[in-house]
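Here's the structure we're looking at; comments come further down.
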Amino acid sequence: MKFILAVFLAAPCALAQPVDNIGHSRHTHHHNPKHATQAPDAARFVTSRSSEIKLPLPEEQDAFSFAVFGDRTGGPVDGVKVLADAVRDTNQFEPDLVMTVGDLINGYNGRDAWLEQMNEYKSIMNELRCPWFPVAGNHDVYWRGPDRPRFEHDANYEMHFGPLWYAFEHKNCWFIALYSDETNPKTGEKNFSKPANHVMSDEQFEWLKGVLLKAKHADHVFLFLHHPRWTGGQYGDSWDRVHAELVKAGNVTAVFAGHIHRMRYDRKDGIEYVTLATVGGHQSGEVPGAGWLHHFHIITVRKNQVAMAGVPVGEVMNVREMTGEFTDQALAQSKVPALITQSPAATQSGGVSGLARVEYRNVTPYELELAVTPESEDARWSLSPDHVHAKLKPGESAIWEFTLSRPDDAIDEFYRDAVVRVDAEMLLPTHRYPLPSRLSVIPVSLANVKLPPTSGRAAILVDGDDALLVDEGSFVLPDGPFTLECRFTASAFADRTGLLCKTEQSEYGFMVSRGVPEFSVFLGDGYATARAKDLTLTTGREYHIAGVFDGANVKLFIDGKLVASVAGEGKRRVNKLPLTIGADITGAGVPESFFRGAIDDVRLSDGARYASDFDATSTYAGDERTLMFIDMERRIGRAVSGFRRTEPALWGRVFGQPARIER
């Protein structure tokens, strides 16, 4: 494992010493005993809150290190596995203690579910050899369901995790945990999206001032809270008065937060503000090398210096390079495609011969190093040169030409597009930050090719790791009533299973998790979901499923029978993600939660086709109301045939290797 440590405070020429057991197996839980701890006492532990929880303090030594964990929640249930991995990794470093920045459990529930999640989280964290300290986030305290208490889960949190705010001293340093989801005293509301709810209460503020006074002789003071209030925006400007107190104290070294699920570093008036990404929470992974990833921080503390290192799996990242400017630039560059400004057309017999011109641009203030590679899964392509290497200075662009050719009679179901893959790294002083590979299809026109005839009824067979993606630009669905439908036969139903999905906090889609069908449409501020909770579909049988939004209701039909309906109205929130056939879709446009089985006759229509029960056994095709119809009867390379209204079209690019099966 390679370590990249950030800039030190004070003595910049002194390096942190390596950890002795860094090479030990991450799966060794009991190789060393747990660290010794001390019971809290009034001299070292301060709170104005009452709680039965006694938080043991670490044994004091001179120099020390501590870890900080980011958000655990807001993602899949499997996020607890990432947390467990982080615990095992942290045990290899053996820090004195572990701090958190909130969102420990999924929450947003009632007491029973909350207690179950709390016990799960604590059982994993208690595998740490060192003591750990909680911080409350919105997921930990927001209530959903009946019998909502005035302060929601505050009491449960203090009963099982500890005080909502507290401080303790360790090796002449003070650690202060703040609470950034206090109930609004005027409205009684918990809602982190409103600036008025980010005003620290007088009680907590006065307590903080008292702790800072108590810690005035400390070498360092570290603060921890969930929301990065110093970034402004929805957090308002209430943090300014807190920051003023921190500056006045003179020994506040750093403030840590989470919530935004990506790394960010800010520095103001000598205080370092550090925002962590996730350790098991929802993670888009848009630019992992620039801070969108699961990780934790290791902080090494000496009297005159503090070192920070971000630790993903297998390497250390420079925390202090993750400025808001850098991460924004990395995200922007990751979305830059290779532009194909020229490409050839196939002849009637399917032969191709010509040039493809490729342009790529550096939109960042950093130098890029590139590898540009033409490739295809179809070995009948001849592509030259096989790759090029280049460096692009900030703002610079470059153009490359590649020769493409393929023989006649080679446009068939085994046809695969030629593509250009761009692998780019951003070059910064201490690290090379890789960006995700970006593929651009070289659009060879097949308009002149005589396509093979259609044969029999067919369906697409997906097997749990493949899907068909229909690009958002291939069709236009106006706002208002619409109908989505298909036929399908499942071979298995997983705990989470997407069937036809364009959902990502927007749009619409079918889920058939554990065989329970549902249809969701994002209207106004949230999803309207028609879920047939009392119906469980079986494997090995063909079903027709239809979802209808008629402007006032969202309806779900199975085999022509209305099985669920909910009220729903408002403007549909749209996205630019592909409609995914055979899976759900992530915000990065990558399929997940795959379906297993056969899918046929996918149709999207303008308007509500069905108002009540109907005959679902009759065949259907494209008509004047059809926006998209895919009958799966013919496959040309990585596209499947269908119809747009009454005209033929090619739909869908293949993810993985779905097979076409005769029915």
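Below are the figures for this structure:
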item	result
Built amide H within the under 5 Å cut-off of PHE296, gap 5+	VAL311
Beta bridges by DSSP in the stretch 61-330, antiparallel share as percent, to the nearest 5	50 percent
For MET263, MET159, order by how many other beta-carbon atoms lie within 10 Å, fewest first	MET159, MET263
Expected 222 nm ellipticity per residue - DSSP helices of 4 or more, -39500 (n - 2.57), all of the chain, to 500	-3500 deg cm²/dmol
Over the stretch 336-441, relative contact order from alpha-carbon pairs under 8 Å, at least 6 apart, %	32 percent
Relative contact order (percent, whole number), the stretch 102-231, Cα cutoff 8 Å, 6+ residue spacing	25 percent
Ranked list, fewest to most other Cβ atoms within 10 Å of each Cβ, for THR580, THR483, THR617	THR617, THR483, THR580
Alpha-carbon centroid distance for the pair the stretch 543-612 / the stretch 372-399, whole angstrom	39 Å
Between 0 and 90°, nearest 10: helix 79-93 axis offset from the chain longest Cα axis	50 degrees
Sum of side-chain charges, HIS170 neighbourhood, beta-carbon under 11 Å (Lys, Arg +1; Asp, Glu -1)	-3
Distance (nanometres) between label positions extended 7 Å along Cα→Cβ at ASP423 and ASN575	2.9 nm
Electrostatic dipole magnitude of the chain [Cβ: Lys, Arg +1; Asp, Glu -1; Cα centre; debye, to 20]	400 debye
Computed E for HIS217/VAL476 - FRET, C-beta separation, R0 60 angstrom, nearest 0.05	0.35
In order through the stretch 262-271: 3J(HN,Hα) via Karplus (6.51 cos²θ - 1.76 cosθ + 1.60), integer Hz, x for Gly, Pro	8, 6, 7, 10, 9, 9, 8, 6, x, 9
Gained length - VAL247 relative to GLU401, 0.36 nm times residue gap less alpha-carbon distance	49.8 nm
Partners for LYS248 among lysines (Cα-Cα distance below 18 Å; same-chain residues under 8 apart left out)	LYS209, LYS214, LYS216, LYS268
Cα centre as origin, Lys/Arg/Asp/Glu Cβ charges: the stretch 359-475 dipole, Debye	280 debye
Set of aspartates and glutamates with alpha-carbon distance to LYS393 below 15 Å, sequence-local pairs under 8 removed	GLU359, GLU367, GLU369, GLU425
Compactness relative to 2.2 N^0.38 Å, alpha carbon Rg of the stretch 336-441	1.21
The stretch 458-662: C-alpha gyration tensor shape, a/c 1.5 cut-off, then a/b vs b/c	rounded
THR539-SER437 pseudo-label distance in nm [points 7 Å out on the Cα-to-Cβ vector]	3.2 nm
Value of relative contact order over the chain, rounded to a whole percent, pairs C-alpha under 8 Å and six or more apart	10 percent
For GLY110, residues with placed amide H under 5 Å, excluding near neighbours	ARG144
Option label - semi-axes √(5λ) of the Cα gyration tensor in Å computed here, alternatives (i) 50, 32, 21; (ii) 47, 26, 23; (iii) 38, 31, 24	(i)
Karplus-derived HN-Hα couplings along the stretch 168-179 (A = 6.51, B = -1.76, C = 1.60, θ = phi - 60°), whole Hz, x at Gly and Pro	8, 10, 8, 6, 6, 10, 10, 10, 10, 9, 9, 10
Tensor-based shape of the stretch 61-330 (alpha-carbon gyration tensor, a/c under 1.5 rounded, otherwise prolate or oblate)	rounded
Summed residue charge, Cβ within 11 Å of ALA330's Cβ, Lys/Arg positive, Asp/Glu negative	-3
Geometric extent, Cα atoms of the stretch 496-572 - Rg, Dmax (angstrom)	11.9, 38
Subset of LYS502/LYS576; LYS502/LYS571; LYS190/LYS571; LYS555/LYS576; LYS81/LYS502 violating a 18 Å alpha-carbon distance limit	LYS190/LYS571; LYS555/LYS576; LYS81/LYS502
Those lysines that a straight Cα-Cα span of less than 26 Å connects to LYS391, excepting residues fewer than 8 apart in one chain	LYS2, LYS335
Anisotropy class of the stretch 177-273 from Cα gyration tensor, a/c 1.5 cut	oblate
Local electrostatic count, TYR360, Cβ distance below 15 Å [Lys/Arg +1, Asp/Glu -1]	0
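Coordinate-derived values only; no laboratory data. Worth saying up front: this structure is predicted, and the values here are computed from it rather than measured. So basically every Cβ, Gly included, is an ideal-geometry build from the backbone, and we count neighbours across all protein chains shown.
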